[in-house]
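Below: the structure, in structure tokens.
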Amino acid sequence: MAGLVGRTITAIAYFPLMCGEDGLVVDEWDAGAWHEPTMGVELTTATGEVYSAVWGHSFDYYGLEVFPTPMTAHLRDPGTPGGSARIDVTDHAQWAGLVGQPVSSSDIIWSTEPEAPPTPAAVHLRTTACQVWIAAGRPAAWPPNGKFDLHTDDVLVVFDEVLADQIGLV
């Protein structure tokens, strides 16, 4: 995501899973200070470049992987029953300080858990008005109890620095 520095993000989409009897009910993803777009996040810049943040295991351990390609390059048939939905969150209040602002920094947060190789746990994006962490992780329990697990096959977006610190992203 180093390619985002200096660029302006103009659109953001989430790709949460769909469930229900017909596989068309979008899983709950908005928990206020954090979101769970399970399969990934797609960021589009003012110049038309598209970046996707998805979970993967290129490092032999689940981590966050970022690609300069749209989510359709990483997901099969978004919008089909039981798959993932595409949800436009560009106008969501939590993203207001990032959309339309130049990205001032984009840093990889590396995890160095003793039993695993160094793995990218998250990407930390900043503008002058906002910061956000996009991580491979999810709540440790459902309903959420304030505890989170990193290095899972889910994508988690965190907007609150105190929560990011509690999760281990700061």
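The values are calculated or read from the model by the stated rules, or taken from the named source; none is laboratory data. If you're wondering where the values come from, they're calculated on a predicted model, not measured in any experiment. Quick reminder, even Gly has a Cβ in these numbers, built from the backbone with ideal geometry, and neighbours come from all protein chains shown. Note: accessible area is taken over every heavy atom of the protein model, side chains too, but ligands, DNA and RNA are not part of it. Shrake-Rupley method; radii C 1.70, N 1.55, O 1.52, S 1.80 Å.
Please determine whether any residue of segment 32-50 is closer than 24 Å to residue 166 by Cβ, touching a Lys or Arg at 6+ places or on another chain (Cβ under 9 Å), part of a loop (DSSP other than H, G, I, E, B) and open to solvent by less than 60 Å² (accessible area, probe 1.4 Å). Checked against the condition, which is being closer than 24 Å to residue 166 by Cβ, touching a Lys or Arg at 6+ places or on another chain (Cβ under 9 Å), part of a loop (DSSP other than H, G, I, E, B) and open to solvent by less than 60 Å² (accessible area, probe 1.4 Å), segment 32-50 yields at least one hit.
For (1) under 14 Å from the mean Cα position of the chain (by Cα); (2) under 21 Å from residue 30 (Cβ atoms); (3) part of a strand (DSSP E or B); (4) not hydroxyl-bearing (Ser, Thr, Tyr), each residue gets a yes or a no:
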| site | (1), (2), (3), (4) |
| --- | --- |
| 60 | no, no, no, yes |
| 72 | no, no, no, no |
| 115 | no, no, no, yes |
| 132 | yes, yes, yes, yes |
| 138 | yes, yes, yes, yes |
| 142 | no, yes, no, yes |
| 145 | no, yes, no, yes |
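When residue 53 is tested against (1) on the phi < 0 side of the Ramachandran plot; (2) assigned to a loop (DSSP other than H, G, I, E, B); (3) open to solvent by less than 30 Å² (accessible area, probe 1.4 Å); (4) not hydroxyl-bearing (Ser, Thr, Tyr), just one condition goes unmet, and that condition is (2).
Scanning segment 61-84 for residues that are open to solvent by 60 Å² or more (accessible area, probe 1.4 Å) and over 14 Å from residue 110 (Cα atoms) turns up 67, 68, 72, 73, 74, 76, 77, 81.
Please work out if residue 28 is within 13 Å of residue 155 (Cβ to Cβ) and either in a loop (DSSP other than H, G, I, E, B) or open to solvent by less than 60 Å² (accessible area, probe 1.4 Å) (or both). The answer is no for residue 28.
Selection over segment 124-159 of residues that are open to solvent by less than 60 Å² (accessible area, probe 1.4 Å), touching a helix residue (DSSP H, G or I) at 6+ places or on another chain (Cβ under 9 Å) and modelled with pLDDT of 90 or more gives a count of 14.
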